[in-house]
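Before any comments, here is the structure.
Nothing in this text is a laboratory measurement; each read-out follows from the coordinates by a stated rule. Just so it is clear, the model here is predicted, and its values are computed rather than measured. Note that each Cβ is placed from the backbone with ideal geometry, even for glycine, and that neighbours are counted across all protein chains shown.
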Amino acid sequence: MVQKVFKKLLFAITIAALVISSGACSKTTAPVQDKKITIGLMSDTAAIPFILAQELNYFKDEGLEVEIQIFQSAVDRDSALQADELDGVSSDLISAGFFKESGNTLLITSRTECEYKLIASSASGISDISQLSGKKIGTSTNTLMEYLVDTFAESKKLKDIEKINIPKMPARLEMLKSGQIDAATLPEPLATLAVMDGSKEIGSNVDLGIYPGVILFKSDFLNSNPDSMAKFYRAYDKTVKYINENGLESHFALINEKLSFPESVIKKFSDIKYGAAVLPSEENVASAMDWLYKKEFIKEKFTYDQMTYSISTNK
């Protein structure tokens, strides 16, 4: 009798232990919904919708806590990323390829609409891209800017162009203004500033059908926070709709404070339009990977699925 009772007790303890163990396992494998998102953005027009989403409380309305850090230097942004201070960053397709090659787990969650332009110096007399053959073009080598120069050169069959490496964009802008180089690649808002100083826009990434700016997030953060990321992009899309309907004029002071755009430049973007968050096209990703592979910066051409992460914003 005692033996039977003991067996029943042992069986009950075993079942209870299995239930507890199962519950513990489910807790450790379930996604952790971390509502705090820290994103590092460059000081360019791509940052504006995120800045306004914060200002208009659209992130807060979604129940999100979002910290935005603005960087003037990609080096500083990448340092913060490596120090694990950021969950995501604004970057570009070329940098995304470099990150992937180095073993970094960043994935593309959307493209951005910051324009990158080819600007001719007023002293050069150049009014068309076809006139760039044999000319000096200021850029930064092994970056998005060189990729765009090479793509322009290939599409327009330019010959003997001389690529001058000028990594610091303010210096590149100054050399363009002084006529030390014939043309330069510049992002907004520096491109608009150059044109306001007398230089001439002769091409942009839009002319090429290339939208190289992207938002990258760490894959472990994406996998652990699907609901938070959906809310993040719902707030972004809501902000885009607001900007397209209302313009930016009433937010000039905020943009100047957060992004340090000169007031005269900000006014040029009063009627800027943005699109809802989407992934870059497969063609754009393939083009960037082809360039990196041909330059021997990556050992394999990463596929679209390897580079991107699709987020559904449906409730």
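Given the peptides 155-164, 170-179, 212-221, arrange them by the average over their residues of other C-beta atoms within 10 Å, most packed first.
212-221, 170-179, 155-164
Quick check on the chain: helices-only [θ] at 222 nm, where DSSP H runs of length 4 and up contribute -39,500 (n - 2.57) each and the sum goes over total residues. Nearest 500, please.
For the chain, the value works out to -13500 deg cm²/dmol.
Magnitude of the Cβ-charge dipole of region 116-208, K/R +1 and D/E -1, about the Cα centre, nearest 20 debye?
With Lys and Arg at +1 and Asp and Glu at -1, about 140 debye.
Test of understanding: ordering Ile298, Ile37 by Cβ neighbours within 10 Å, fewest first, what list do you get?
Lowest count first: Ile298, Ile37.
Taking amide H positions as placed in the peptide plane 1.01 Å from N, state which residues far from Ile37 in sequence (5 or more) or on other chains have amide H under 5 Å from it.
Hits under the 5 Å cutoff: Glu65, Val66, Glu67.
Roughly what would the spin-label model give for Lys60 and Glu101, points 7 Å off Cα along C-beta, in nm?
A separation of 4.4 nm, rounded to one decimal place.
Can you tell me what share of the DSSP beta bridges in the chain is antiparallel? A percent to the nearest 5 is fine.
Antiparallel bridges: around 55 percent, rounded to the nearest 5.
Sum up the charges of everything whose Cβ sits under 11 Å from the Cβ of Met307, counting Lys and Arg as +1 and Asp and Glu as -1, but leave Met307 out.
Local charge sum for Met307: 0.
Tell me, in nm to one decimal, what length is gained between Ser264 and Val206 on full extension, where the rule is 0.36 nm per residue of separation less the Cα-Cα distance? List each step's numbers first, then the result.
Numbers: separation 58, 0.36 × 58 = 20.88 nm, distance 2.36 nm.
So the chain would gain 18.5 nm between Ser264 and Val206.
Compute the convex hull volume of the Cα atoms of region 116-208, divide it by the residue count, and report the result per residue in Å³ as a whole number.
Expressed per residue, the convex hull around the Cα atoms of region 116-208 is 78 Å³.
Taking N as the number of residues in region 39-110, what is its alpha-carbon radius of gyration divided by 2.2 N^0.38 Å?
Taking the Cα Rg and dividing by 2.2 N^0.38 Å, one obtains 1.15.
Asp271 versus Ser73, label points 7 Å from Cα toward the beta carbon: distance in nm?
Roughly 3.9 nm, to one decimal.
Report the percentage of all Cα-Cα pairs in region 139-190 whose separation exceeds 14 Å, rounded to a whole percent.
51
Comparing Asp197, Asp78, Asp227, which has the greatest mean-square fluctuation in the GNM of the chain with Cα pairs linked when under 10 Å apart?
Comparing Asp197, Asp78, Asp227 in a Gaussian network model of the chain, the most mobile one is Asp197.
In which sequence would Thr45, Thr151 go, from the one with the fewest C-beta neighbours within 10 Å to the one with the most? Walk me through the intermediate numbers first.
Details: Thr45 25, Thr151 19.
Fewest-to-most ranking of Thr45, Thr151: Thr151, Thr45.
Once you sort the root eigenvalues of the Cα gyration tensor of region 184-315 as a ≥ b ≥ c, which label holds: rounded (a/c under 1.5), prolate (a/b larger than b/c) or oblate (the other case)?
Oblate.
Let me spell out the model: positive unit charges on the Cβ of Lys and Arg, negative unit charges on the Cβ of Asp and Glu, origin at the Cα centre of the chain. What dipole size does that give, in debye rounded to 20?
Details: 35 positive and 42 negative charges, 221 e Å.
Value, rounded to 20: 1060 debye.
Taking N as the number of residues in the chain, what is its alpha-carbon radius of gyration divided by 2.2 N^0.38 Å?
Compactness ratio reported: 1.26.
For the pairs Lys238/Lys301; Lys156/Lys268; Lys100/Lys241; Lys60/Lys258; Lys238/Lys258, flag any whose C-alpha to C-alpha distance is greater than 27 Å.
Lys238/Lys301; Lys156/Lys268; Lys100/Lys241
Please state the relative contact order of region 116-208 as a whole percent: Cα pairs under 8 Å, 6+ residues apart?
On the way: 166 pairs, mean separation 46.3, N = 93.
So the answer I get is 50 percent.
Starting from the Cα-Cα distance between Glu174 and Ala80, subtract it from 0.36 nm times their residue separation and give me the gain in nm to one decimal.
Stretched fully, the Glu174-Ala80 segment lengthens by 31.0 nm.
Name the residues whose placed amide hydrogens come within less than 5 Å of the amide hydrogen of Gly138, ignoring near sequence neighbours (fewer than 5 apart) on the same chain.
Here the answer is Ile164, Asp182, Ala183, Ala184, Thr185, since their amide H atoms fall under 5 Å of that of Gly138.
Counting DSSP beta bridges with both partners in region 116-208, what percentage is antiparallel, nearest 5?
60
Under DSSP H, which helices of the chain have Cα atoms covering 15 Å or more of the helix axis and a Kyte-Doolittle average no less than 0.0?
Helix filter hits for the chain: 2-29, 144-156.
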